[in-house]
Amino acid sequence: MIKRIINPGLSRSQKMAFEEHVKKNMKRAYYSAFGILGSHDAAMEVSQSAFVIAYRNFKSFNSEKRFFTW
């Protein structure tokens, strides 16, 4: 399982682009989750899980769309 998270077959430029999306959107994802869940730990877990899922599927991301709503 860890190998799939670390290496979903992204190019170096795709990995760098994903990292930028994380930097830009992690705080917003956390606060959105915290507003719904009301727990710091749960919000961290949910927001991190969302980015793991996004990373696994980043090849299908359409760069013409907004990352956060994807």
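Structural remarks
- Looking only at residues of the range 25-58 that are assigned to a helix (DSSP H, G or I) and of a type in the set (S, T, N, Q), we find that the one that is surrounded by the fewest Cβ atoms within 10 Å (Cβ to Cβ) is Ser49.
- Of everything in the range 12-31 that is small (Gly, Ala, Ser) and within 17 Å of Ile53 (Cα to Cα), the residue that is modelled with the lowest pLDDT is Ala17.
The values are calculated or read from the model by the stated rules, or taken from the named source; none is laboratory data. Computed from a predicted structure; not experimentally measured. Methodologically, a virtual Cβ is constructed for each residue, glycine included, from the backbone with ideal geometry; neighbour enumeration extends over all protein chains shown.
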